[in-house]
Amino acid sequence: MLKKLLLALFFVSSAASASANNKVKMDEPYAMVQQVAENTFNRISADQEKIKVDAEHLRAVVEQELLPYIDYNYAAYKVLGSYIQKIRNIEDAQEKKQEIAKLRQFIEVFKNYLVATYAGVFTQYNQQKVEFEPVQNIGDDKIAMIRTKIIESGKPDINIAFKVKKDSQGQWRAFDMVAEGISLLDAKQSELHGILRTEGLDYVIDLLDKKSKLPIQFRGKSGDDPA
């Protein structure tokens, strides 16, 4: 399921159109999503020879073109869910300090895991037709949904929505994607919830760290999850 969601995100991004100006307009969520998509895939196209020789180059592409526009800190907190409150409720100062250090470590490995996951998905480029909804007036809202539709001949349309969040400086970043009603973060939270409860945060950190360090390989088009 995770791989299917990420593939949907990949296809949406690959067909997005944007201004010829490569500078990302982060104070407008619709423009931000489309401009980041264009910049990322222009870079992938330009670096095809490097990527063919070494798929690991895709990590650099993701880190430089995509990662700055993902609020991975907020996403990591969402994935941990109620575990965050558990840390807040710790009364012993030393224990709390240790758990906060683990939390920072989790955020770092979660970021690296996202980079590796997207880099792997980006080896499966395939052109799709995508329609973005017209720009909506979001008023003073700090969280918005950017809705799109993936259209492919002979297949049902796929509805995708990006969740984006405005920070205290008025800049928008993506933190989640919803494909046909299924949230990417909710799926990852469900996957890790039982492991977190039974094995603890240290185990989850080690698990994601190992997955993030697996070599980037050109994958087939099967529906199996990447990790």
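Within the same chain, aspartates and glutamates fewer than 8 places from LYS163 are excluded, and of the rest, those with a Cα less than 16 Å from its Cα are ASP27, GLU28, ASP71, GLU133, ASP140, ASP141, ASP176, GLU180, ASP186. Considered as an equivalent ellipsoid built on the Cα gyration tensor, the stretch 49-91 has semi-axes of 36, 10, 7 Å, the largest given first.
Heavy-atom accessible surface of PHE41, to the nearest 10 Å², is about 20 Å², with a 1.4 Å probe and all protein chains retained. Ranked from largest, the principal axis spans of the Cα set of the stretch 43-128 equal 54, 25, 17 Å.
Accessible surface for the stretch 75-193, divided over its residues, is 55 Å² per residue with a 1.4 Å probe.
Would you mind computing the Rg to Rh ratio of the stretch 112-221 from its alpha-carbon coordinates, Kirkwood style for Rh?
1.02
The Cα center of the stretch 68-97 and the Cα center of the stretch 130-191 differ in position by 24 Å. Here the dipole of the stretch 63-220 is about 100 debye; that uses its Cα centre as origin and unit charges on the Cβ of Lys and Arg (positive) and Asp and Glu (negative). Can you flag which of LYS86/LYS188; LYS142/LYS213; LYS86/LYS111; LYS25/LYS142 are past 26 Å Cα-Cα? Pairs exceeding the cut-off: LYS142/LYS213.
The values are calculated or read from the model by the stated rules, or taken from the named source; none is laboratory data. The model shown is predicted, which means the values in this text are computed figures rather than measured ones. Here Cβ is always computed from backbone atoms with ideal geometry, including for glycine, and neighbour counts include all displayed protein chains. The protein model used for the area step is the full one, side chains on, heavy atoms only, and it has no ligands, DNA or RNA in it. Shrake-Rupley method; radii C 1.70, N 1.55, O 1.52, S 1.80 Å.
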